[in-house]
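This is the structure I want to talk about, given as structure tokens.
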Amino acid sequence: MFSKEIYSRRRTSLIRKVGNGVILLLGNSEAPCNYQSNTYKFRQDSSFLYFTGLASPDLALVMDAESGEQILFGNNADIDDIIWMGPQPTINDFAQSCGIEKALPFADLEIYVKAILSQGRRLHFLPPYRNHNKILLNALTSIPIPALKENSSLELVKAVVDLRLVKEECEIAEIEKACEIGYAMHYTVMKMAKPGVTEQTLYGIMEGIAHSQGAMTSFPTILSQNGETLHNHSHHQVLTEGRMMVIDAGAENEMNYCSDFTRTLPSGGRFTEQQKDIYRIVSTANNMGQSLSRPGVSYKDVHLNVCRLITRGLMNLGIMKGDADEAVANGAHALFMPHGLGHNMGLDVHDMEDLGEDYVGYDNQYTRSQQFGLSSLRMGKMLRAGNVVTVEPGIYFIPALIDKWKAEKTNCDFINFAELEKYRDFGGIRLEDDILITPSGCRRLGSKRLPITPEDVEEAMREN
Ligand code: GLY
Ligand code: MN
């Protein structure tokens with residue numbers, strides 16, 4: 001963990017921002033996989049981690065925003081726990097390690113919260129996403145489980161987002177480490193991707209690298225020759241000459257900071273000319289996304305500029321037609337790029353998505369569009385120095401979506417459906433890098449950029 005002064009300072013800032021009532025932050029509990037004691041790998045709640053650095057289960061923190069009192073709730077290990085898990089820090093040890101002066105048994109949390117509520121004081125809690133914490137919050141507050149989200153504290157959400165969205169130097173250093181692991185994951189399988197190898201083998205190698213060098217992957221790895229399916233989690237195919245494979249994967253390092261990279265590889269080591277034509281549009285779009293990203297520019301504008309570039313590229317190939325600006329204004333490009341250019345990243349790969357995407361990526365000035373495609377943009381607001389975002393343009397040929405638009409004549413003034421038939425089995429391409437917004441622009445995170453030009457990708461796949 002970072003030094004306790006860092007966590008104390010963050011809590012002081014949070015208390016100041018919220019300003020009234022009592023803040024309750026719940027840590028996560030172990031989650032059973034197939035029976036009670038066979039659990040998934042433990043993952044602490046990211047906001048709890050941000051304010052305490054404590055990565056152990058069954059902890060809760062309250063902060064009285066008026067008196068300033070802070071209490072950590074949790075239980076000391078008993079002799080049975082010690083027999084099975086070894087000696088454990090006491091709850092006082094945990095509290096002291098992150099600069100909290102008072103610690104109490106977990107059972108006292110209910111007494112504490114009920115006292116606060118009976119005094120008519122405001123209890124601020126974040127929207128819960130784990131069922132265990134929903135049940136706990138229901139027991140503590142008597143708010144019905146379906147109503148917990150609407151009763152969560154918008155002031156607290158906004159205060160947490162405000163702090164976590166601008167990364168500190170120590171956090172950027174951790175994200176860089178996650179990027180190094182992500183680089184190793186991708187670069188290793190880039191060299192192993194050959195016809196006859198299974199997707200599952202490459203998937204397993206990537207998982208192994210993430211686990212051996214850090215905590216785990218930052219999300220379930222997407223690795224598929226059916227790259228037209230945006231989040232494809234099946235890896236059962238054999239690599240076949242002539243196809244391409246989208247690999248979208250990242251690592252969580254030991255401090256739970258994330259990376260998220262995507263590369264698209266030719267399964268046989270060489271792109272076809274048709275693949276190169278589309279690939280170059282996406283790689284140019286990726287570079288453009290990075291060159292436009294800077295403080296004072298909205299990510300929605302960066303996204304739209306990238307969409308216009310993609311549209312012009314597809315028009316040059318005869319797949320789209322008409323005026324590019326008009327096509328993008330009508331959302332015609334979303335047939336090929338139905339997702340957003342990127343998202344914030346930090347302790348979560350989609351940072352703070354649990355708190356509500358619109359509070360993370362939008363504000364009063366920039367509101368989320370309802371238009372297909374643009375509505376999937378997770379980050380739309382003004383970029384600020386210290387933001388960490390992904391840049392991940394893509395072009396996909398999704399047969400079901402093509403057929404739907406063709407049948408319904410959607411955006412038919414801008415789509416050349418006859419030409420599009422030649423790309424029906426093309427698959428998809430996505431290219432993703434992670435950037436830090438700096439005072440004057442942005443810089444890529446990670447000491448080395450994964451090969452991205454078609455030539456460099458082919459060369460990296462050839463070496464070995
Ligand atoms: N890399 C997966 C995603 O951004 O959704
Ligand atoms: Mn991503």
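The values are calculated or read from the model by the stated rules, or taken from the named source; none is laboratory data. A quick note: this is a predicted structure, and the numbers were derived from the prediction, not measured. Don't worry about glycine lacking a Cβ; one is built from the backbone with ideal geometry, like all the others, and counts go over all protein chains shown.
Only residues in region 335-348 that are touching a residue at least 12 places away in the same chain (Cβ under 8 Å) count as the first member; pair them with residues that are more than 14 Å from ligand 2 (Cβ to nearest atom) and among the charged types (D, E, K, R), Cβ under 7 angstrom, at least 6 apart or cross-chain, and list the lot.
From residues that are touching a residue at least 12 places away in the same chain (Cβ under 8 Å), the pairs are Gly346/Arg164; Gly346/Lys167; Gly346/Glu171.
Check Lys404, Lys409 and return the single one that is farther than 30 Å from Gly296 by Cβ, in contact with a Ser or Thr (Cβ under 8 Å, 6 or more places away or on another chain) and surrounded by fewer than 17 Cβ atoms within 10 Å (Cβ to Cβ).
Just one listed residue meets the conditions, Lys404.
Can you tell me which residue is farthest from ligand 1 (Cβ to nearest atom) among those in region 347-363 that are touching a strand residue (DSSP E or B) at 6+ places or on another chain (Cβ under 9 Å) and over 18 Å from His231 (Cα atoms)?
Only one residue fits best here, namely Asp363.
Additional query: Take the conditions modelled with pLDDT of 95 or more, surrounded by 13 or more Cβ atoms within 10 Å (Cβ to Cβ), under 21 Å from Leu137 (Cβ atoms) and touching a Gly at 6+ places or on another chain (Cβ under 6 Å) and apply them to Phe73. Does it pass?
Criteria not met by Phe73.
Only one of Ser293, Ser259, Ser218, Ser234 is more than 16 Å from ligand 1 (Cβ to nearest atom), hydroxyl-bearing (Ser, Thr, Tyr) and farther than 18 Å from Tyr423 by Cα; which?
Ser293
Now for a separate question. Residues of region 112-149 being over 25 Å from the mean Cα position of the chain (by Cα), hydrophobic (A, V, I, L, M, F, W, C) and within 15 Å of Ile23 (Cα to Cα), which ones?
Correct list: Val113, Ala115, Ile116, Leu117, Leu123, Leu137, Leu140.
Yes/no per residue for (1) under 17 Å from the mean Cα position of the chain (by Cα); (2) of a type outside the set (A, V, I, L, M); (3) within 16 Å of ligand 2 (Cβ to nearest atom):
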{"position": "Ala178", "(1), (2), (3)": "yes, no, yes"}
{"position": "Tyr187", "(1), (2), (3)": "no, yes, no"}
{"position": "Thr198", "(1), (2), (3)": "no, yes, no"}
{"position": "Leu202", "(1), (2), (3)": "no, no, no"}
{"position": "His211", "(1), (2), (3)": "no, yes, no"}
{"position": "Pro220", "(1), (2), (3)": "yes, yes, yes"}
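Among the residues of region 175-220, how many are of a type in the set (Ser, Thr, Tyr), touching an Asp or Glu at 6+ places or on another chain (Cβ under 8 Å) and surrounded by fewer than 23 Cβ atoms within 10 Å (Cβ to Cβ)? It would help to see each step written out before you state the result.
Going through region 175-220, the residues of a type in the set (Ser, Thr, Tyr) turn out to be 183, 187-188, 198, 201, 203, 212, 217-218.
Still in the list and also touching an Asp or Glu at 6+ places or on another chain (Cβ under 8 Å): 217-218.
Still in the running and surrounded by fewer than 23 Cβ atoms within 10 Å (Cβ to Cβ): none.
Total satisfying the criteria: 0.
For region 330-355, give me each residue that is under 20 Å from Gly250 (Cβ atoms), away from ligand 2 (no atom under 13 Å from the Cβ) and surrounded by 22 or more Cβ atoms within 10 Å (Cβ to Cβ).
Leu347, Met352, listed by residue number.
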